[in-house]
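Peer 1: What follows is a single structure, and I will ask about it in a moment.
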Amino acid sequence: MHVTSEKFQDNAKAAIDDDQLQAGLFIFGKIFPLLREATASKLPEFEALRDSARDIKIEALNNLGTYLEAFEDRVEEAGGRVHWARTAEEANTIVEQLCEESGGKDIIKSKSMVTEELELNDHLIGKGYNVVETDLGEYIIQLRNEKPFHIVGPALHLNAGQVSDTFYEAHQKYGRTERVEDKVKLVEEARIVLRERFKNADVGITGANFLVAETGQIVLVTNEGNADLTATLPKRHIVVTGIEKVVPTLDDLSVFLRILARSATGQDTSNYVSLYSGPRRARDADGPESFDVVLVDNGRTDMLGTPVEEMLRCIRCGACLNSCPVFTTVGGQSYGSVYSGPMGAVWTPALASVSSAAKLPNASSFCGKCEEVCPVRIPLPSMMRHWREKEFEAHLTPSGQRWGLGVWAWLGRHPSLYRAATSIAGMGLRLIAKGRRGRRFVTALPFIGRGWTQSRDLAAPAEPTFLSQYKEGRRR
Amino acid sequence: MSNARNAIFAKIKAADAKRGKSSPADSRARLETPPAQLVPAMGKPAPEEARDIFITKALELGCTVADCESFADVPAKVSTYLQEQDCPGQVHIPDDADLSLLGWEDAGIAASSQLDAEALDGRTSVTRAIAGVAETGAVAVASSSKHPVSLGLLPDRHIFVLKVDEIKGGYEDVWRIGRAAKDNQGMSRALNLIGGPSRTGDIEATLVMGAHGPRTVHIILVS
Ligand code: SF4
């Protein structure tokens, strides 16, 4: 996984100044949370279902080996094959070999975050394959050569005008020379162009939202139906997903189906919920001739038995991103990782490395909103704290911050000096603060504090301080 | 890549040993006899209410619904629908006696059994289904000789013919039907819950119907 998180600060600054992008962030930060709350409030058992979902995932992870073996057996029984990949390289090589067996060059894909993590498209394109994403959002960002902005809405940072420009340029080669601006017409144009790709594809690659150990089925959840076309029309269906996606039984699956769409987009259900196992049977009227599941580790087993194991419960709903004040201010691409927001801040150091992702666990205000909305109740803030500690231990914290913490710790051990320092700082802040709605705020800090006030204000400390009031007996 | 498989399982085993929480026998029993999970009231409506809830939910998902006394009346209902939609009287049907033996010609409809992608593109399909799900308004289908999955994907209009007594409460009812139909290769290749027309919200979160699959989904309920 290619991570460019070291640029987080610069990316974030640019994002905050980008009005267009801020409009897109309104969808995530406001509209999705409102829809989530509205639909969850209509299901009285929503909170209890979240508990069940958490417990089922705990059971699945505690017995991961047993469930994966059962899944593998059932897939083979259905006439499919299971392949195991320790790393991204192994996974990409397996998929490439499977594509080679097909004898064709045209690949269609439905949205899969794991293949983003593996950078599978780049690998296959490098080997001479034509790879086309078919989820509309993924298709748009593929044409623009961007990374997904959000795990659920990859292209929602763009407006219709930008999509129009992108299509106008990309679709000329299909004889579509008229520029369309209207959203309905843009969707229609993508439908027409992609329909031809569907009909002529040799291989279909999908991810999987869940794997059912009881039945060997892979589960795909979409609104567009593109995953079903991908799993049905080409000669080969290849599924690429992470080993942590396994759930024990169909009854367990129901629990997740009831919370996933509600948490992600505020829908009662996604429009296509599909379970696939094995290739076309003798009695089937259609379907692929082969069915291969590539199960990817890529750092996941390293998380088992560690403080970040609970992250493996994640069902990629995106609710934590939408609830996050940092994500909804700076957007997904600032993170420099395909996994962004609170979940990305925990996944990325685990799957890439603590050093390459050092900035991400710090991109948090620790407000706890993410944990509140996470359908599988992952304690995201405490896991970010875990990576912060690792980062500090590994001396990856920027020298300024380490130096600052060092000074603070030294002052902490010398109470009188500490009080002297804070009262001088307080006086300074009050001196430069401006009044607003009865309170005083510092809108422009000097020196290293400049970064803080570029996108937010700092409340000036009240006077007298708590300690001085305490001494005078005014506070107990 | 059996090396990879061994390595991954070795790491899982090591974690199991560290945590001491795995219980393989219990887990295998769970797979043999899946325990019931919490099913919300929504997922188990009273049987006499299931039909009305299903219709309401299907409408919410953007379907249209019509009722019909018997299978014999289905072609006439299809004809009315196609006229309303201003579409040619032409449908594609699977090799399913429930549908293929009906009097399509008498209703002025040309029924084709051609199922290749080129033929289906932009057309109307009529298929049966294994269940209607009251909880969500979705219709469940399972792949078979009688049900090519592409019939529900490539045409512009998909018409389901569903018997009222095939309307069930929730997901669990569909799993029950799927499990009962298992053969030595397990479940059917595809089990799809189709909740209305295909749609997308990927441009500015504006909902647009007809993304990749059918633009309209019509349900004919046979009582
Ligand atoms: S961490 Fe929780 S809220 Fe965030 S994407 Fe994963 S499941 Fe959803």
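The values are calculated or read from the model by the stated rules, or taken from the named source; none is laboratory data. Fair warning: this is a prediction, and the values are worked out from it, not measured in the lab. A quick note on method: Cβ atoms are made from the backbone with ideal geometry, for glycine too, and the neighbour counts reach across all protein chains shown. Ligands, DNA and RNA are stripped out before the accessible areas are found, and what is left, the full protein with its side chains, is counted by its heavy atoms. Shrake-Rupley method; radii C 1.70, N 1.55, O 1.52, S 1.80 Å.
Peer 1: Check off (1) within 16 Å of the ligand (Cβ to nearest atom); (2) within 14 Å of chain B (Cβ to nearest Cβ); (3) crowded, with 24+ Cβ neighbours inside 10 Å for A:Val296 and give me the number that stays unchecked.
Peer 2: It is condition (1) that A:Val296 fails.
Peer 1: Can I ask one more? In segment A:204-257, which strands (runs of 3 or more DSSP E) lie fully inside it and hold 2 or more residues that are of a type in the set (A, V, I, L, M) and under 21 Å from the mean Cα position of the chain (by Cα)? Even if it seems obvious, please write down each step before you answer.
Peer 2: Numbers: elements: A:210-212, A:217-222, A:236-242.
So the answer is A:217-222, A:236-242.
Peer 1: In the set A:Asp284, A:Asp252, A:Asp268, A:Asp302, which member is facing chain B (nearest Cβ under 9 Å), away from the ligand (no atom under 16 Å from the Cβ) and within 28 Å of A:Glu37 (Cα to Cα)? Spell out how you get there, then give the answer.
Peer 2: Details: A:Asp284 fails: within 28 Å of A:Glu37 (Cα to Cα); A:Asp252 fails: away from the ligand (no atom under 16 Å from the Cβ); A:Asp302 fails: within 28 Å of A:Glu37 (Cα to Cα).
Exactly one residue qualifies, and that residue is A:Asp268.
Peer 1: Which of the residues that make up segment B:184-207 are under 22 Å from A:Asp268 (Cβ atoms) and either open to solvent by less than 10 Å² (accessible area, probe 1.4 Å) or more than 8 Å from every other protein chain (Cβ to nearest Cβ) (or both)?
Peer 2: As a first pass, look at segment B:184-207 and keep what is under 22 Å from A:Asp268 (Cβ atoms): B:191-202, B:205-207.
The answer is B:Leu191, B:Asn192, B:Leu193, B:Gly195, B:Gly196, B:Pro197, B:Ser198, B:Thr200, B:Leu207.
Peer 1: Being crowded, with 16+ Cβ neighbours inside 10 Å and either within 26 Å of A:Arg262 (Cβ to Cβ) or of a type in the set (S, T, N, Q) (or both) narrows it down to one of A:Phe8, A:Phe46, so name that one.
Peer 2: Being crowded, with 16+ Cβ neighbours inside 10 Å and either within 26 Å of A:Arg262 (Cβ to Cβ) or of a type in the set (S, T, N, Q) (or both) holds for just one of A:Phe8, A:Phe46, which is A:Phe46.
Peer 1: Another question, if that's okay. List the residue pairs whose Cβ atoms are under 8 Å apart, where the first residue sits in segment A:377-395 and is within 14 Å of another protein chain (Cβ to nearest Cβ), the second is within 10 Å of the ligand (Cβ to nearest atom), and the two are 6 or more positions apart or on different chains.
Peer 2: none
Peer 1: Does B:Ala111 satisfy the criteria of being modelled with pLDDT of 95 or more, touching a Phe, Trp or Tyr at 6+ places or on another chain (Cβ under 7 Å) and not acidic (Asp, Glu)?
Peer 2: Values: modelled with pLDDT of 95 or more: yes; touching a Phe, Trp or Tyr at 6+ places or on another chain (Cβ under 7 Å): yes; not acidic (Asp, Glu): yes.
For B:Ala111, the condition - modelled with pLDDT of 95 or more, touching a Phe, Trp or Tyr at 6+ places or on another chain (Cβ under 7 Å) and not acidic (Asp, Glu) - is met.
Peer 1: Looking at A:Ser263, is it assigned to a loop (DSSP other than H, G, I, E, B) and within 16 Å of the ligand (Cβ to nearest atom)?
Peer 2: Working: assigned to a loop (DSSP other than H, G, I, E, B): no; within 16 Å of the ligand (Cβ to nearest atom): yes.
No; evaluated as a whole, the condition is false for this residue.
Peer 1: Going through segment A:368-391 one residue at a time, which ones are open to solvent by 30 Å² or more (accessible area, probe 1.4 Å), within 14 Å of the ligand (Cβ to nearest atom) and more than 15 Å from the chain's Cα centre (by Cα)?
Peer 2: Within segment A:368-391, A:Lys369, A:Glu372, A:Arg377, A:Ser382 meet the criteria.
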